[in-house]
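In what follows, a single structure is set out as structure tokens and then discussed.
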Amino acid sequence: MKLIFNKYWATFLLVKFFWMVFALFIFKNYVQLADLETYLNGSRVDFDNIFYSSTSMTGFIASTLKKYIGFMGANIAFMLISFYGIYLPLNKLNLSRKSLIFCLFLLSLPSFGIWSSIVGKEAVSVFFMGILASYLIDIHSSIRRPQLIELFALYLGLIFKIQYVIPVLLAYFYILIKNKLNLSSLQQLIVLSCLLSFSIYLVWEFSDEINR
């Protein structure tokens, strides 16, 4: 994949940095930044469950980063993985200049910009969803086996936001079926409708577990 880091991406990265600084030094005076301090202090880390609990995992990573690279360094690290999760799929889409600017503008709005640019599960979610979306883009034209980073992203998705992973997996099966069977437009619509219905059913059926 050709990496393209132009002035638009540079500006977007600066915007994310601005939102991070704004959140840490201004916004936090008016709104509680979720579990930011809890993660950075590592006060909710359960080492017996660290590989299966998103809270413990986030707290362990954040507190470790804070210990070695400081408060700002930890937040910058989370901001950068969020940036990578956005950059990877959008770069693969080869969007026109206007389309790229529009997408980056939407992703620069305050709510998304703030919560995805500081220590927290949101930044991790943007990271793994970006990698999974990038994989779906790749296999849309040519089926290939997932690489290690994509399997890691799937693992994070199952730990952090399983309700996000369900439609990703169903999208994978849809692309696989479409490419393998060379379906007509009507057949594709039928398969897609069935998978969407199944996705809704799974989220509904396991809503209690997802909420917990």
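Looking across region 157-212, not a single residue is outside any helix (DSSP H, G or I), closer than 16 Å to His140 by Cα and in contact with a helix residue (DSSP H, G or I) (Cβ under 6 Å, 6 or more places away or on another chain). Only one of the listed residues (Val15, Val45, Val21) is open to solvent by 20 Å² or more (accessible area, probe 1.4 Å) and within 19 Å of the chain's Cα centre (by Cα). That residue is Val15.
Taking region 48-66 as the range and being part of a helix (DSSP H, G or I) and either over 21 Å from the mean Cα position of the chain (by Cα) or not hydrophobic (A, V, I, L, M, F, W, C) (or both) as the test, the residues that pass are Asp48, Asn49, Ser54, Thr55, Ser56, Thr58, Gly59, Ser63, Thr64, Lys66.
Of the residues making up region 94-153, those that are in a helix (DSSP H, G or I), among the β-branched types (Val, Ile, Thr), within 26 Å of Ile76 (Cβ to Cβ) and touching a residue at least 24 places away in the same chain (Cβ under 8 Å) are Ile101, Ile114, Val124, Val126, Ile131. In region 85-114, how many are touching a Phe, Trp or Tyr at 6+ places or on another chain (Cβ under 6 Å) and among the hydroxyl-bearing types (Ser, Thr, Tyr)? Adding up the residues that qualify gives 0. For region 86-132, a residue qualifies if it is closer than 22 Å to Leu36 by Cα and surrounded by fewer than 15 Cβ atoms within 10 Å (Cβ to Cβ), and the qualifying residues are Leu109, Pro110, Ser111.
Scoring Ala153 on the criteria (1) more than 12 Å from the chain's Cα centre (by Cα); (2) under 23 Å from Ala62 (Cα atoms) leaves a single failure, condition (1). Within region 161-212, the set of residues being more than 18 Å from Pro146 (Cβ to Cβ), under 23 Å from the mean Cα position of the chain (by Cα) and open to solvent by less than 50 Å² (accessible area, probe 1.4 Å) comprises Leu195, Ser199, Leu202, Ser207, Ile210. Within region 67-85, the set of residues being small (Gly, Ala, Ser) and either outside any helix (DSSP H, G or I) or surrounded by 14 or more Cβ atoms within 10 Å (Cβ to Cβ) (or both) comprises Ala74, Ala77, Ser82, Gly85.
The values are calculated or read from the model by the stated rules, or taken from the named source; none is laboratory data. Every value quoted in this text rests on a predicted model; they were computed, and no experiment measured them. Here the Cβ is made from the backbone with ideal geometry for all residues, glycine too, and neighbour counts use every protein chain on show. Quick note on the areas: whole protein, heavy atoms, side chains included, nothing else; ligands and nucleic acids left out. Shrake-Rupley method; radii C 1.70, N 1.55, O 1.52, S 1.80 Å.
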